[in-house]
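Quick notes on the structure that follows.
The values are calculated or read from the model by the stated rules, or taken from the named source; none is laboratory data. Since the structure is predicted, the reported quantities are computational estimates derived from the model, not experimental observations. All Cβ positions, even for glycine, are placed from backbone atoms using ideal geometry, and neighbour counts span all protein chains on display.
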Amino acid sequence: MPWVSIFAIIGVEIRTGCDILKNVKTNAMRLLEKEKIGYELMTYEIVEGSMSPEYLAGQIGKDVLSIFKTIVTVGHSGNHYVFVVQLTEELDLKKAAKAADEKNIELIDQKDLEKLTGYVRGGCSPVGMKKQFRTFFDDRIGSFEKIVVSAGKRGFQIEADPKDLVRATRAVLTDIRKETKSIFR
């Protein structure tokens, strides 16, 4: 795929094979540009029914461990929270509740996602939601120079410095991933 460099002042890169993407702009991208945060925009083909973490990683040419997903929740209080964990990991709802000082937390109903965040399932970015919710990134992001999150539209991902994403979302770093128990330990 050819590289097309635009917005060189703030370091935005678009990697794609089609020129139509030059006109794509999501709230996440607008916010990052407003904050003068550099990012790389990547695209992938949506194949319903076969969207695995490995498929996405292969499509965008990134290590699957550097790709993170956004999970929107609601606490016992009725407040909403955003959690960002590795695509291959699960959110630990007990750890999430503790981080948010809630009695308990549950995932929101997917039908409410767009109304609440402005994003659809499969295209929910932690950056640029309709409202700024308290946001928590898994503390593993500190071991990456760059991480990949949704750009706010299905088929689009952005890669950026995790410190910049934390700053843009005013997030807290904490351990929120579910511990997996291996039969080999």
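This table checks each residue for (1) touching a Gly at 6+ places or on another chain (Cβ under 8 Å); (2) modelled with pLDDT under 95.
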{"position": "ALA96", "(1), (2)": "no, no"}
{"position": "ILE105", "(1), (2)": "yes, no"}
{"position": "ARG121", "(1), (2)": "no, yes"}
{"position": "PRO126", "(1), (2)": "no, no"}
{"position": "VAL148", "(1), (2)": "no, no"}
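When the range 57-77 is examined, which residues are found to be under 15 Å from the mean Cα position of the chain (by Cα) and within 25 Å of ASP112 (Cα to Cα)?
ILE67, PHE68, LYS69, THR70, ILE71, VAL72, THR73
Please work out which residue is surrounded by the fewest Cβ atoms within 10 Å (Cβ to Cβ), limiting yourself to the range 52-70 and to residues that are touching a residue at least 60 places away in the same chain (Cβ under 8 Å) and charged (D, E, K, R).
Per the stated criteria, the residue is LYS62.
Quick check on the range 1-50: of everything there that is loosely packed, with under 11 Cβ neighbours inside 10 Å and closer than 19 Å to GLY122 by Cβ, which residue is modelled with the highest pLDDT?
Ranking the qualifying residues of the range 1-50, first place goes to GLU45.
Against the conditions (1) modelled with pLDDT of 95 or more; (2) under 17 Å from LEU65 (Cα atoms), where does THR88 fall short? Just the number, please.
Failed condition: (1).
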